[in-house]
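The values are calculated or read from the model by the stated rules, or taken from the named source; none is laboratory data. What you are looking at is a predicted structure, and each value in this text was computed from that prediction instead of being measured. For neighbour counting, all protein chains shown are included, and Cβ atoms are generated from backbone atoms with ideal geometry for every residue, glycine included.
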Amino acid sequence: MKRTTSISNIFQPLNQAPVQSALTNEVQIADILEWVLQQVGEAEVWQTSFSISEEFLRRLYFITRDGQATAIHLVLDFKATNKTLHLWRFIEQVITTTHLADNHSKVLLVKSEAGDKVSIITSQNLTRGNRNEAYIITTEPSVFDKFLAEVQHLIKWRSVPLSTIITQTIQSKEQ
């Protein structure tokens, strides 16, 4: 999305505001991810969402290609499986791990190589929309740690790797 408003008109630098929020249609979650990575440097990323679009994947492709994200871990919803399966080749090129679960959360966690921790809670799926979306950004380590533990629990105990679903789909078509 081509922004007409600078992100600095919406959010303060992370080191100046440990908690900030916005309700806006002026930025997308991909814009916020890039903005966070510019401030914290190389980082590992965890994202949860109901679904993902090809346009958003392209943004993640450039982020990983440029070395800003060292790994991206993604959790999407089972109900979006058909859409996800159409994108699986692209997803596997860009995303380190992808899991499907009963998930409607939209959480973005960024942990930099230097140890910075940023949590973003949003109403936006990993898709492009021109709707107003809600964003809360915090650099509070305890918020990050709690969300990361919950996302990792979701991945370990309540999800299925996308690769497993792809394998099952291919096998069922071969039979």
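Details
- Among the candidates Glu113, Glu140, residue that is charged (D, E, K, R), at pLDDT 90 or above and farther than 26 Å from Phe62 by Cα: Glu140
- In the range 121-148, residue nearest to Asn15 (Cα to Cα) [restricted to those that are in a strand (DSSP E or B), of a type outside the set (Phe, Trp, Tyr) and touching a residue at least 40 places away in the same chain (Cβ under 8 Å)]: Thr138
- Unique residue being over 22 Å from Glu133 (Cα atoms), exposed (fewer than 13 other Cβ atoms within 10 Å of the Cβ) and at pLDDT 95 or above when the list is Gln16, Gln39, Gln12, Gln68: Gln16
- Arg128 meets all of the listed conditions (1) surrounded by 18 or more Cβ atoms within 10 Å (Cβ to Cβ); (2) within 14 Å of the chain's Cα centre (by Cα); (3) basic (Lys, Arg) but one, namely (1).
Here's the yes/no breakdown for (1) surrounded by 13 or more Cβ atoms within 10 Å (Cβ to Cβ); (2) small (Gly, Ala, Ser):
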| position | (1), (2) |
| --- | --- |
| Glu140 | yes, no |
| Phe144 | yes, no |
| Lys156 | no, no |
| Ser172 | no, yes |
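- Counting only residues that are more than 18 Å from the chain's Cα centre (by Cα) and not polar (S, T, N, Q), the range 159-175 holds 5 of them.
- Test: residue in the range 153-173 that is out of contact with any Pro (no Cβ under 6 Å at 6 or more places or on another chain), over 21 Å from Leu76 (Cα atoms), among the hydroxyl-bearing types (Ser, Thr, Tyr) and modelled with pLDDT under 90: yes
- Residue identified as surrounded by 15 or more Cβ atoms within 10 Å (Cβ to Cβ) and touching an Asp or Glu at 6+ places or on another chain (Cβ under 7 Å) among Ser119, Ser105, Ser51, Ser123: Ser51
- Selection status of Ile165, surrounded by 12 or more Cβ atoms within 10 Å (Cβ to Cβ), more than 30 Å from Gln12 (Cβ to Cβ) and in contact (Cβ under 8 Å) with a residue 12 or more places away in the chain: yes
- Neighbours by Cβ (under 7 Å, 6+ apart or cross-chain): first from the range 18-33, within 13 Å of Val118 (Cβ to Cβ); second surrounded by fewer than 22 Cβ atoms within 10 Å (Cβ to Cβ) and among the charged types (D, E, K, R): Pro18/Glu140; Val19/Glu140
- Of the strands (runs of 3 or more DSSP E) that lie entirely inside the range 1-120, those containing 3 or more residues that are among the hydrophobic types (A, V, I, L, M, F, W, C) span 19-24, 43-48, 69-77, 107-112.
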